[in-house]
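The values are calculated or read from the model by the stated rules, or taken from the named source; none is laboratory data. Computed from a prediction, not measured in an experiment: that's the story for all the values here. Ideal geometry is used to build each Cβ from the backbone, glycine not excepted, and the neighbour counts take in all protein chains shown. Surface accessibility is based on the protein's heavy atoms, side chains included, excluding ligands, DNA and RNA. Shrake-Rupley method; radii C 1.70, N 1.55, O 1.52, S 1.80 Å.
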Amino acid sequence: MREIVLDTETTGFDPFSGDRIVEIGAVELYNHMPTGETFHVYINPERSMPAEAFSVHGIGPDLLEPPQKPEPGAVTLRDKPVFAKVGQKFLDFVQDSKLVIHNAGFDMKFLNAELDWMGLPKLPMDQAIDTLAMARQRFPGSPATLDALCRRFNIDNSNRTLHGALLDSEILADVYLELIGGRQPDFGLSTQASSSATAQAEDDWRPAPRQSPLPPRITAKELEAHEAFVGKMGDGALWKTA
């Protein structure tokens, strides 16, 4: 079973009011285990970056108004591809796999808006697994943010000083595995069907006779005592009628 744990960063809250995606990060799970395969891209939103969004993810100081001089290591976006250049690659990566997303409605709204503007097929909502809804159902009344769930499950998120799509996806993968019952691989049970020849050989197996019989464990003294005991029981003793 293939699943994709996914996160996006955006310029705001509503793609239909002009907001755009600026980062996509995704990690692949197979049978609930990370494979090491990832998808990660920064995207030029072709618009300015609101200060409120920048304070959350720290992406795109060169898009602020007025633009800030980027600090070393800062992610600038003017030289990054637009979504139209990466949308098909994204679809090729996720395919029809389930998408594990925290607050899935938000990310799916943005992804489908961007895909629709490109004329690409949109992602059906039933393809998404919402870990926010899962957490609220499992822990009603408790905080269900990603940070709160990391604290609950003792997951190290010390590197998460700002939101980042790939890092958040990696953390969310750990949270998701805890929400579904803990990080317990299935040990390969029932995952690989044996060949018909192997199965037939196993069905036909029979124990072979011993080459040398096992030596008796009863001693001569014990055997003599048993025969004397039976002798006292008379001719009708069960051991004499067999």
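Find the residue count for segment 50-83, including only residues that are part of a helix (DSSP H, G or I), without any contact (Cβ under 8 Å) to a residue 40 or more places away in the chain and either open to solvent by 60 Å² or more (accessible area, probe 1.4 Å) or of a type in the set (S, T, N, Q) (or both).
Total satisfying the criteria: 2.
Restricting attention to segment 15-49, which residues are among the β-branched types (Val, Ile, Thr) and either open to solvent by 30 Å² or more (accessible area, probe 1.4 Å) or assigned to a strand (DSSP E or B) (or both)? Show your work before the answer.
The initial filter retains those residues of segment 15-49 that are among the β-branched types (Val, Ile, Thr), namely 21-22, 24, 27, 35, 38, 41, 43.
Correct list: Ile21, Val22, Ile24, Val27, Thr35, Thr38, Val41.
Looking only at segment 84-105, which residues are outside any loop (DSSP other than H, G, I, E, B) and either among the hydroxyl-bearing types (Ser, Thr, Tyr) or without any contact (Cβ under 8 Å) to a residue 60 or more places away in the chain (or both)? Show your work before the answer.
Our first condition is that a residue be outside any loop (DSSP other than H, G, I, E, B); within segment 84-105, this holds for 84-94, 98-101, 104-105.
Once the filter is applied, which keeps residues that are outside any loop (DSSP other than H, G, I, E, B) and either among the hydroxyl-bearing types (Ser, Thr, Tyr) or without any contact (Cβ under 8 Å) to a residue 60 or more places away in the chain (or both), segment 84-105 yields Ala84, Lys85, Gly87, Gln88, Lys89, Leu91, Asp92, Ala104, Gly105.
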